[in-house]
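S.K.: Have a look at this one before I ask anything.
Derivation of every value follows stated rules applied to the coordinates shown; laboratory data play no part. Computed from a predicted model, the values in this text were never measured in an experiment. Cβ atoms come from the backbone with ideal geometry, glycine included; neighbour counts cover every protein chain shown.
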Amino acid sequence: MNRNELLVKLASCSIESKQLYASSCLRRYCQIKDISHPAITELLDHLDSILASQNLSVWDARGALLGLNGRGDPIPESLKSALSEEGLNEFAVLVDSVVEVGIVDLYGASTDLPLKFLDKTMQILEKNKIHLPSIA
């Protein structure tokens, strides 16, 4: 399924499902690029926990405290040093986009912004010739 077909399917999904898909994109990117770090694992675990969260504002607050949180805070030095300059910039944009999928509409009206961030996420994978995950 191509990116546009996936976006059409994702448009009708819940924000939690969109977040899970975005996190699967980040996971796949890291696997293919052989990028591994405890901060990435912690972020992915947090993003995947959205389904089990009983209070999304508490879930959001926990995410803001992570070492790698996708909210403009610096990437941990030990992770930065493992990436090239170009790789670091791309990785930062990817992490920010993935995180925004779940939080951009959290405190307001539903918009098309989660889909825009998903599209940005998916474009990064495509640019790197990484197959997009299927929708579970």
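S.K.: About the Cα centre, and with charges only on the beta carbon of Lys, Arg (+1) and Asp, Glu (-1), how big is the dipole of the chain? Nearest 20 debye, please. Don't jump to the answer; show the numbers that get you there.
M.R.: Details: 13 positive and 18 negative charges, 64 e Å.
It comes to approximately 300 debye.
S.K.: So for Tyr29, Tyr107, fewest C-beta neighbours within 10 Å to most, what's the order?
M.R.: Numbers: Tyr29 21, Tyr107 9.
Result, fewest neighbours first: Tyr107, Tyr29.
S.K.: OK, next. Given q = 0.21 Å⁻¹, what are the Debye log10 I(q)/I(0) values for the chain, with equal point scatterers placed on the Cα positions and solvent ignored?
M.R.: -1.34
S.K.: Going toward the positive end of the dipole of the chain, with +1 on Lys and Arg Cβ and -1 on Asp and Glu Cβ, which of Asn4, Leu66, Leu83 do you reach last?
M.R.: Asn4
S.K.: May I ask you to sort Thr41, Thr121, Thr111 by Cβ crowding, counting other Cβ atoms within 10 Å and putting the fewest first? Present the calculation step by step, with values, prior to reporting the outcome.
M.R.: On the way: Thr41 13, Thr121 27, Thr111 10.
Ordered by Cβ neighbours within 10 Å, fewest first: Thr111, Thr41, Thr121.
S.K.: Taking Cα centroids, how far is the stretch 98-129 from the stretch 4-77 in Å?
M.R.: Distance between centres, Cα-based: 11 Å.
S.K.: Can you show me the helix-derived [θ] at 222 nm for the chain, built from DSSP H runs with n ≥ 4 at -39,500 (n - 2.57) apiece and divided by the number of residues, rounded to the nearest 500. Let's see the in-between values first.
M.R.: On the way: 7 runs with 86 residues, N = 136.
Mean residue ellipticity, 222 nm, calculated: -20000 deg cm²/dmol.
S.K.: Once R0 is set to 25 Å, what does the formula 1/(1 + (r/R0)^6) return for the Cβ-Cβ distance between Ser81 and Lys127, expressed as a FRET efficiency to the nearest 0.05?
M.R.: Numbers: r = 24 Å, r/R0 = 0.94.
Working from the Cβ atoms, E equals 0.60.
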